[in-house]
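What follows is a single structure, written as structure tokens, with notes after it.
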Amino acid sequence: MSALRTVGALTTREILKFVRDRSRVLGALAQPLALWLLLGLGFQNTFQPPEGAAGGYGAFLFPGILALVLLFTAIFSTISIVEERASGFLQAVLVAPTPRTALVFGTTLGGTLIATVQALLFLGALPLVDLSPGWLGVSMVIAICLLTGLAFTALGFAIAWQMDTTRGFHAIMNLFLLPLWFLSGAMFPAEGAAPVLRVFVWANPVSYAVSGLRHGLHGFADPAATLAGPAVCLAVTGGFALLMMALAVWEVRRPFFQT
């Protein structure tokens with residue numbers, strides 16, 4: 001019971017920290033929205049959509065921007081691990097009579113919920129691209145959002161656990177995030193990329209999250225520019241989330257080095 005109380009308290013704490021930081025809320029939504037509008041309008045007349053794809057470049061890019069919201073919100077929600085390590089809060093949690101894994105589950109659950117809510121708020125822009133996913137499609141989007149948010153919150157936790165400064169965390173995460181997003185089929189179809197890039201797109205777990213979002217947002221009626229079917233996208237994204245959670249649990253069970 002103490003572990004469950006710890007998980008609940010840490011989850012609530014993560015959510016409250018996010019809600020009370022208005023600049024963080026605004027930045028997490030405004031930056032992807034601005035990027036989507038700029039890229040969508042800039043490439044609208046030059047982009048050749050894949051055969052069978054509906055809508056223009058704005059509709060094609062929308063799932064990728066949704067994934068970007070998830071990645072950035074989930075990853076950077078764990079930056080508090082670095083800050084709380086320096087302030088001594090983590091040391092206080094670690095000496096408490098509760099399993100260390102409760103710290104992982106509480107922090108990752110809070111980050112996952114924050115990332116999912118942020119992504120779902122972004123769905124308010126759907127009328128701009130004339131997409132109507134329906135309830136089944138929305139369910140698919142929610143499932144992919146939860147799994148992707150969990151995966152990248154856990155990845156951020158595992159990396160932040162070993163970081164001494166927020167500057168180092170930012171540098172490492174940008175090294176991970178931007179290539180993963182660019183090579184996910186978010187900005188261009190994998191079929192039109194160079195063979196070497198196509199291999200990276202197929203091996204990238206974010207590609208299956210983007211494809212799953214694309215399936216859901218198009219109501220499963222637009223299979224163009226997707227790497228696999230909905231079931232495979234869910235399975236790969238779920239497997240990646242489990243792997244990242246295992247990594248975070250493994251990290252937190254290692255000796256905790258003092259800064």
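Throughout, read-outs are computed from the coordinates displayed, never taken from laboratory work. In this text, all values refer to a predicted model and were calculated from it rather than measured experimentally. Neighbour counts are summed over all protein chains in view; Cβ atoms, including those assigned to glycine, are modelled from backbone coordinates with ideal geometry.
Take the Cβ atoms of Val232 and Thr12, set R0 to 51 Å, and the FRET efficiency comes out at 0.90. At a Förster distance of 25 Å, what's the computed FRET efficiency of Ala171 paired with Gln31, Cβ-Cβ distance as r, to 0.05? Given R0 = 25 Å and the Cβ-Cβ separation, E is 0.85. The Ile142 and Ala194 beta-carbon pair, evaluated with R₀ = 41 Å, returns a calculated FRET efficiency of approximately 0.75.
Taken along the Cα-to-beta-carbon direction at a fixed 7 Å, the label points for Arg5 and Asp130 span 5.7 nm.
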